[in-house]
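The values are calculated or read from the model by the stated rules, or taken from the named source; none is laboratory data. Just so it is clear, the model here is predicted, and its values are computed rather than measured. All Cβ positions, glycine included, derive from the backbone under ideal geometry; neighbour counts span all protein chains shown. Side chains are part of the model used for accessible areas, which takes the heavy atoms of the whole protein and leaves out ligands, DNA and RNA. Shrake-Rupley method; radii C 1.70, N 1.55, O 1.52, S 1.80 Å.
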Amino acid sequence: MSFPLATRTLDNGVQVTVSRDEFSPGSALNLWYRVGSADETPGASGFAHLFEHLMFAGSAHVRGDHTEILEALGGVSNATTTADRTNYFETVPPGALPLALWLEADRLSSLRVSGAALRTQRAVVFEEKRQRYDNQPYGDQLELLLGLAFPRSHPYSIPTIGIMSDLDAASLGDVQAFHSAWYRPDNLRVVVVSPQPDDEVFRLVEKYLGDVPTAGGAPPQPAHPDPLPALTGVPRLAVQRPVPRSVLHLLWRTPPVTHPDRPAVAVALDILGAGQACRLHHDLVRDAGLAEAVGAGDFGFTRGTSLSTLTVQPQAVVELAQLEDSVIDHLAQLAADGPTNAEISRTRAQMEREWFGGLADAGERADAINEDWANWGDPEHLNRHLDAWLSVTADDVARVASTWLNPGARAVLEYEGVQ
Amino acid sequence: MARKPQVHPAQPWRFPPVDEWALPNGLPVSQVNLPGQRVVTMTLLFDVPLTAEPRQIEGVAALAMQACDEGTLPHPGAGLIDALEGCGAVTQDAGAGMDGSTITIEAPASRLEQALPLLAEMVAEPAYDEADVGRLVESRLLAIATGLVSPPVRASKALRAGLMPNHRLGRLFAGDSDTVAAITRDDVAAWHDRVAHPARARLVLAGELPENVTSLVDGAFGSWNPDRLALPEAESWPAPATGRVVVVDHPDAAQVSLRIGTITPGRRSPDWPALQVANAAVGAMFGSRLNRVLREERGLTYGAGSGLTSMRQAAFFTMQAECRQDVAAEATALALRLLDLDASPVTEDEARDAIAYITGATPLHLATADAIAAQTTSFALCGVPPTWFDEYTAAVRQVTPEGATDAFTRHIQPANLVVALCGPAATLVPDLARHGISTVVHTA
């Protein structure tokens, strides 16, 4: 099964992909601007995300908040910022799609932010950081992992939310400059998943977003650091925190999402640490009773280097060192013998469910189309995306377990609970 | 710049048809065919009130569901999870609420034939191995301990305890440390024997279903015929506590967690549509009063809102916000004032926007198989038919501003609300006193 996709570029540079879904109750509009926290200047961490908040604060023809306007029409909207991009999205009843496009066109053309709005949204972001990280048990793990894997000068070394003292310096001038630099038609890709025919959607996008004046000059180039070499010497960070149980993280610098080895690294991580049938759960949680829980993941970074983790939470009296040795043994075994046929078959079946589950909602599908478009330069990649993952072989898995996930190339975060 | 476009009103959305039928053993089935939804959600629910749990082993109902994928008689040990995950399925959720226990799995539509019999095994023939149950008990105890270092979790717990101090709703659904620690393998098996009967259960299926789905269901569940034991029926609930403010002391909290709540009639009440419209004006939308004032105007919080969670007998109204320490008392006073609709009734504009939001945005949240399955499960647990949804949205369209204000003020009075805050009591208590709010401090 494949999703229908049609793509056009407007005269001002806006790129548009439309995917019809006759079953969707709403029209999903999804915009990706090619700018994220990795593009911030040193000392201005967190600015890309603060800016995203201000995109809701008003534009030339819009007073009041975008979200409020759309929800009063029965729609939902939001935005997120990552290291690599900023997205804005709304799903609205189909009859409100023209208005959603008009609103997006207006805040692409112009931003009207007051000093009071800047001060208020800065305060809101401070509370967002406290709510999501500082006031949560284990809430500083993200910051510690990034700091351990990336050198301080690297754009991925600080979480997107940023350092709050950096935000104090943000001025209205910075806000307007950021808008002029990055929020231009030729730095925008738009995806619409909607029940209307393609031609009607293209006509609406052209009418509203095509009306935005072409920007002068070329858009700024996103920061693109060279791939980092593998970690050496097993960097290790031990912290103590007031939580009831410790956590052990092993981490590796891994290939970015577009690298040909990325699917094999994902399969290797899944075989070791995903779900309850994985090796680490089977051996450490179920059989040996050494671990409370295990996990595996990748940050999905796109620029040169990503970050993968294997995570183990011990049972009450188990030492982290014992678990670390055991995880390394499991990696060595996977590198030596490769996965079984049943493991390959299971990860394929799981990936099929996760992939199509992630595309079930029109809004999430629109975002996935934009993501593949951004990463591979072709929205049609969405319809090929799963193939690369389903064609990973046992030999591929054994190879990446001894290379990208080599125990000698790990770093370790010992997050020790003390009470 | 093109002119601001007109918005064409949406066609009323209808809940997709729910095909209801039953197997000869009495198992009711609700199936919803959703073309294009390639992942199927399957929920097995047991219609059993949480009040039926023995007091000293509360949490046993949740544990009995969570342990279902740890092994079955036909697939002992890791054999079950290997088979389940091997066919691309996953346990999405397992637990217990006031009106029933549920276990939900998802599988690719192409693997339904493998996944359904496994779900049937999980609920009909769980092995409940002693080691597995013991591990899940430890896991639950760790989750409770982690909650004790989380101010938002402590505040939510204190609100329920303050509101319904001597009732099951006032205690954690999955059990607290003393009761969970007491649960044995035999307790779990005994609970399962009491509740796991097809006549007390319902199977909910949503997604792109094959034509032979009924025979697949029959093949998986048709031979499930245990003895039936009588369970006590649900008791009616006592009136909630009123008018108290509890501070849970958490000296090193980075924010103050604020919760305000009460008990209102649930979705079976004729007041429900009007209550929902009023709640949308007050707290369910980004542009609702609470968020507009506390976040957008004042910057005191990342977000403030309120919601109504319906159970069969009643609903739980809660307002929540995580606030900056030095303004938490002010935020509490402001929130209580914003919940006073006698003083400031719902306006025409607010009612219009709230109705548009509920009738427009709700379908957008029901566009996937998992959401439709969850809603269908909720209908069953609340004791309403699937046709309820369309009647509800039609009633919402008829709500007037006066009707919304009237329903809200009859059930939600600021003087009667229970307030729970978690943060440093040393500063919070005097700050609240300065706003005329007297408190009871809990340190545990």
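Listing for the model above:
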{"read-out": "Helices (runs of 4 or more DSSP H) (entirely within region B:303-418) containing at least 2 residues that are touching a residue at least 12 places away in the same chain (Cβ under 8 Å) and away from every other protein chain (no Cβ under 14 Å)", "value": "B:328-338, B:369-382, B:388-397, B:401-411"}
{"read-out": "So B:Ala361, is it open to solvent by less than 10 Å² (accessible area, probe 1.4 Å) and farther than 26 Å from B:Gly261 by Cβ", "value": "no"}
{"read-out": "Odd one out for A:Arg286, checked against (1) touching a Ser or Thr at 6+ places or on another chain (Cβ under 9 Å); (2) closer than 21 Å to B:Gly79 by Cα; (3) not acidic (Asp, Glu)", "value": "(1)"}
{"read-out": "Residue check, A:Leu280 at pLDDT 95 or above, crowded, with 19+ Cβ neighbours inside 10 Å and touching a helix residue (DSSP H, G or I) at 6+ places or on another chain (Cβ under 8 Å)", "value": "yes"}
{"read-out": "Residue match in region A:90-99 (condition: open to solvent by less than 10 Å² (accessible area, probe 1.4 Å), modelled with pLDDT of 95 or more and farther than 22 Å from B:Pro9 by Cβ)", "value": "no"}
{"read-out": "Complete set of residues in region B:181-240 that are surrounded by fewer than 16 Cβ atoms within 10 Å (Cβ to Cβ), in contact with a Phe, Trp or Tyr (Cβ under 8 Å, 6 or more places away or on another chain) and assigned to a loop (DSSP other than H, G, I, E, B)", "value": "none"}
{"read-out": "Within region A:1-29, considering residues that are in a loop (DSSP other than H, G, I, E, B) and hydroxyl-bearing (Ser, Thr, Tyr), the one nearest to A:Asp387 (Cα to Cα)", "value": "A:Ser2"}
{"read-out": "Selection count, region A:61-73, where residues are open to solvent by 30 Å² or more (accessible area, probe 1.4 Å) and farther than 16 Å from B:Arg352 by Cα", "value": "3"}
{"read-out": "Total residues in region B:32-49, condition more than 10 Å from every other protein chain (Cβ to nearest Cβ) and surrounded by 21 or more Cβ atoms within 10 Å (Cβ to Cβ)", "value": "8"}
{"read-out": "Criterion violated by B:Ser177 - all others in (1) within 28 Å of B:Ala254 (Cα to Cα); (2) surrounded by fewer than 19 Cβ atoms within 10 Å (Cβ to Cβ); (3) more than 14 Å from every other protein chain (Cβ to nearest Cβ) satisfied", "value": "(3)"}
{"read-out": "Flag if A:Ala264 is away from chain B (no Cβ under 14 Å), farther than 30 Å from A:Asp11 by Cβ, in contact with a Phe, Trp or Tyr (Cβ under 9 Å, 6 or more places away or on another chain) and open to solvent by 30 Å² or more (accessible area, probe 1.4 Å)", "value": "no"}
{"read-out": "The listed residue being farther than 25 Å from A:Leu280 by Cα, crowded, with 23+ Cβ neighbours inside 10 Å and modelled with pLDDT of 95 or more, out of B:Leu118, B:Leu84, B:Leu112", "value": "B:Leu112"}
{"read-out": "Options A:Arg184, A:Arg245: the member that is charged (D, E, K, R) and open to solvent by less than 30 Å² (accessible area, probe 1.4 Å)", "value": "A:Arg184"}
{"read-out": "Residue count, region B:73-124 (criterion: within 24 Å of B:Arg312 (Cα to Cα) and within 10 Å of another protein chain (Cβ to nearest Cβ))", "value": "1"}
{"read-out": "Matching residues, region B:145-170, being over 19 Å from B:Asp249 (Cβ atoms) and without any contact (Cβ under 8 Å) to a residue 24 or more places away in the chain", "value": "B:Gly170"}
